[in-house]
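Inspection log for the structure reproduced underneath, given as structure tokens.
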Amino acid sequence: MADIIITTTTIITSPSSQVWNNRAACYQKLYELRLGIKDSEKAVELDPNYVKGWSRLGQMYYGVKDLVKAKRAFQRMQEIEPGNTDAQKGLDMVATMEQTTPADPNEVQRRVQNDPEAMSIMQDPQMQKVLQELQSNPSSAQKWMADPIVSRKLQKLIDVGVIRTSPAPP
């Protein structure tokens with residue numbers, strides 16, 4: 001608790017992405033992940049290229065099981081630092097949890113409703129036909145993924161959990 005007080009004082013006197021991230025680490029150790037997420041978001045807002053901030057943010061989103069946001073944070077790490085092994089480990093953890101955790105239909109519905117782009121895709125008659133075809137004929141995925149517009153939309157639906165994929169064979 002003393003670390004949080006000291007870090008909070010430092011934030012007041014000289015705010016920086018590192019200081020916000022340090023306080024997020026304190027919250028993480030106390031399992032106050034929602035408070036830590038707020039501080040990590042502030043850290044990456046101040047410095048969008050701060051890899052440690054994105055790493056902590058991904059870890060905390062993973063901790064609260066917000067896999068979509070965790071995945072985005074780890075992907076952002078890879079964009080900043082291609083080949084970052086921690087980013088790859090984070091993405092692997094997310095992928096494992098996505099495959100082993102049954103989708104909660106209420107959570108998926110909440111994500112879609114809170115994402116205007118996903119909501120628009122779900123209401124698009126052409127995409128409804130694509131989704132019906134994928135459900136009845138999963139092998140048609142390759143055909144649809146070749147279409148850049150449909151592929152982008154399908155990726156969005158994967159990101160919010162409407163579509164679940166199997167890991168690629170080794």
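Couple of notes before you dig in:
- Contacts under 7 angstrom Cβ, first residue in the stretch 90-105 being open to solvent by 80 Å² or more (accessible area, probe 1.4 Å), partner in a helix (DSSP H, G or I) and at pLDDT below 75, 6 or more apart: none
- Residue that is most open to solvent (accessible area, probe 1.4 Å) [pool: residues in the stretch 49-68 that are in contact with a helix residue (DSSP H, G or I) (Cβ under 8 Å, 6 or more places away or on another chain) and in a loop (DSSP other than H, G, I, E, B)]: 65
- Among the residues of the stretch 69-89, just one is of a type in the set (Gly, Ala, Ser), buried (at least 16 other Cβ atoms within 10 Å of the Cβ) and more than 24 Å from residue 104 (Cα to Cα), namely 87.
- Among the residues making up the stretch 56-81, none is more than 21 Å from residue 18 (Cα to Cα) and at pLDDT 95 or above.
- The stretch 133-155 residues that are in contact (Cβ under 8 Å) with a residue 24 or more places away in the chain, paired with ones that are open to solvent by 50 Å² or more (accessible area, probe 1.4 Å) and in a helix (DSSP H, G or I) (beta carbon under 8 Å, 6 or more apart): 154/145
- The set of residues from the stretch 25-41 being open to solvent by less than 80 Å² (accessible area, probe 1.4 Å) and either out of contact with any Asp or Glu (no Cβ under 6 Å at 6 or more places or on another chain) or at pLDDT 90 or above (or both) comprises 25, 27, 28, 33, 35, 36, 37, 39, 40, 41.
The values are calculated or read from the model by the stated rules, or taken from the named source; none is laboratory data. A quick note: this is a predicted structure, and the numbers were derived from the prediction, not measured. Methodologically, a virtual Cβ is constructed for each residue, glycine included, from the backbone with ideal geometry; neighbour enumeration extends over all protein chains shown. Only protein heavy atoms, including side chains, enter the accessible area calculation; ligands, DNA and RNA are left aside. Shrake-Rupley method; radii C 1.70, N 1.55, O 1.52, S 1.80 Å.
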